[in-house]
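The values are calculated or read from the model by the stated rules, or taken from the named source; none is laboratory data. It should be emphasised that the depicted structure is a prediction, and the values quoted were computed from it without experimental measurement. Cβ: placed from backbone, ideal geometry, glycine included. Neighbour counts: every protein chain shown. To get the accessible areas, we keep the full protein, side chains included, count just its heavy atoms, and leave off ligands, DNA and RNA. Shrake-Rupley method; radii C 1.70, N 1.55, O 1.52, S 1.80 Å.
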Amino acid sequence: MTNKVTTVRFHIGGDDEIKTEHNRREESTIKWEQHIDMEGKHEVLRDMSIEETYEELFGRAIEEYDAKQKRRDRRIGGVHEYMEQVRADSRGRVNHKTRTKGKNLAYEVIVGVGSVKPEFDETTGRMKRDKDGNILTPFLVPDDICEVVLKNYLAAWDTRNPHLRLYGAYLHGDEGGAMHMHLDFVPWADGYTRGMSVQTSLSKALSQQGCKSEGWTRNSHVVWAERERNFIESILEEQYGYTVIHPDAGKYKESIPWRVYAAEQEALKRLDDHSVKLDTMRHEAEQMENELEEKRKELEETSEATSVVEEMKNTIMPDGRSMWEHNLALIRAERERKMREEEASKRKRKNASTARRLPQCLSEEARAQIDEQEERIARQVRENANAGRSERLVRKTLDVESSIESNSGEEAGIDLQSIRR
């Protein structure tokens with residue numbers, strides 16, 4: 001048993017659906033088609049003009065028919081005129097049972113292997129995605145397998161469909177969906193007793209190659225399409241082990257047109273992407289709401305602090321100042337005290353450094369005097385720091401230090417000012 005599951009797309013349309021320039025990937029046309037990736041796989045496998053095909057199929061029959069006509073107005077006149085007759089038939093007569101037009105100049109089959117149909121989560125109704133956020137497409141078949149299967153089907157076309165003259169075959173794997181192939185053909189049937197002996201007719205062409213109508217719901221078109229689809233499915237099942245299912249239209253119903261199906265899947269993908277973006281936006285909105293709540297709490301705390309400040313400003317102290325001004329004065333005084341202590345500490349370190357640089361020849365008595373004076377100064381600084389007399393003490397310290405150094409220098413016969421310099 002295999003767990004590989006896929007599907008096969010098979011859609012037939014008239015000449016109004018044939019876009020030859022698109023199929024050939026002509027630059028003048030596809031430059032407006034944004035969904036095409038020119039770096040993707042695209043290949044022209046068969047390419048003839050429809051005029052050449054009509055000449056090949058009906059040229060001799062037209063000549064034989066015109067040769068038998070005695071009245072000139074009954075003659076067809078050539079391949080171009082016959083093509084105009086077919087066009088006129090397709091524009092005019094309508095089959096009221098099937099609601100389809102009459103003859104078409106040509107027909108196109110779009111056959112695809114695999115599908116970009118996403119897998120849905122039954123609980124959420126959303127598309128399933130992998131850990132990287134990519135949509136899961138369980139029916140998709142690798143391009144290399146698609147290419148082999150489609151080319152094998154093309155190789156068997158002329159043998160399987162001798163009355164469907166294939167003049168165009170185009171492989172497309174560059175449109176963002178599953179790889180597919182466009183097959184353009186002109187049906188022909190012979191054995192006519194009225195008019196030309198060979199004419200274009202899809203129903204009779206299919207009947208002459210064994211696809212006869214089995215009822216109103218299973219006409220020759222449906223029978224033929226089922227036969228062709230089964231051939232492709234047999235390649236997938238026998239050579240590659242795939243199980244082929246039909247999740248959209250069913251095996252015995254008309255397939256959804258490829259472009260319609262691709263448009264539906266693209267719309268579903270856009271809708272799901274919008275849902276993912278909406279979830280992301282909702283998550284971001286929740287985060288913003290949480291941040292807003294935090295800011296609101298901070299604002300409330302700030303408002304409480306502001307109320308306390310206002311209350312302090314309205315409270316009058318015995319000295320006539322408000323409590324706010326009183327507290328500010330205390331803060332400034334404390335700051336100034338710390339600055340004075342720091343300056344005194346710096347001065348002490350500087351003096352100590354100067355003393356260490358004095359020559360060793362100073363007398364013990366002079367050194368003792370310096371240490372005693374530094375200790376006294378430090379004590380006075382501590383005692384008078386709050387009284388604001390630090391500046392005078394510093395100047396007095398400098399004067400005393402200069403006096404001691406001068407006396408010591410004179411006793412030792414040393415010029416301390418030159419040493420200091």
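Here residue 250 passes the criteria (1) modelled with pLDDT under 85; (2) more than 49 Å from the chain's Cα centre (by Cα) except the one numbered (2). Could you list, in sequence order, the residues of segment 217-238 that are among the hydroxyl-bearing types (Ser, Thr, Tyr) and modelled with pLDDT under 90? Correct list: 217, 220. Where helices (runs of 4 or more DSSP H) fall wholly inside segment 306-421, the ranges with 1 or more residues that are exposed (fewer than 15 other Cβ atoms within 10 Å of the Cβ), more than 60 Å from the chain's Cα centre (by Cα) and at pLDDT 80 or above are 323-357, 364-384. Any residue in segment 210-231 that is in contact (Cβ under 8 Å) with a residue 12 or more places away in the chain, touching a strand residue (DSSP E or B) at 6+ places or on another chain (Cβ under 8 Å), in a loop (DSSP other than H, G, I, E, B) and open to solvent by less than 30 Å² (accessible area, probe 1.4 Å)? Checked against the condition, which is being in contact (Cβ under 8 Å) with a residue 12 or more places away in the chain, touching a strand residue (DSSP E or B) at 6+ places or on another chain (Cβ under 8 Å), in a loop (DSSP other than H, G, I, E, B) and open to solvent by less than 30 Å² (accessible area, probe 1.4 Å), segment 210-231 yields no hits at all. The number of residues in segment 85-104 that are open to solvent by 10 Å² or more (accessible area, probe 1.4 Å) and modelled with pLDDT of 70 or more comes to 6. Filter segment 186-209 down to residues that are in contact with a strand residue (DSSP E or B) (Cβ under 7 Å, 6 or more places away or on another chain) and part of a helix (DSSP H, G or I) and give me whichever is surrounded by the most Cβ atoms within 10 Å (Cβ to Cβ). Checked segment 186-209; the qualifying residue surrounded by the most Cβ atoms within 10 Å (Cβ to Cβ) is 205. For the condition under 12 Å from residue 164 (Cβ atoms) and either touching a residue at least 60 places away in the same chain (Cβ under 8 Å) or open to solvent by 50 Å² or more (accessible area, probe 1.4 Å) (or both), residue 237 does not qualify. Scanning segment 136-155 for residues that are open to solvent by less than 20 Å² (accessible area, probe 1.4 Å) and of a type outside the set (Val, Ile, Thr) gives 146, 150, 153.
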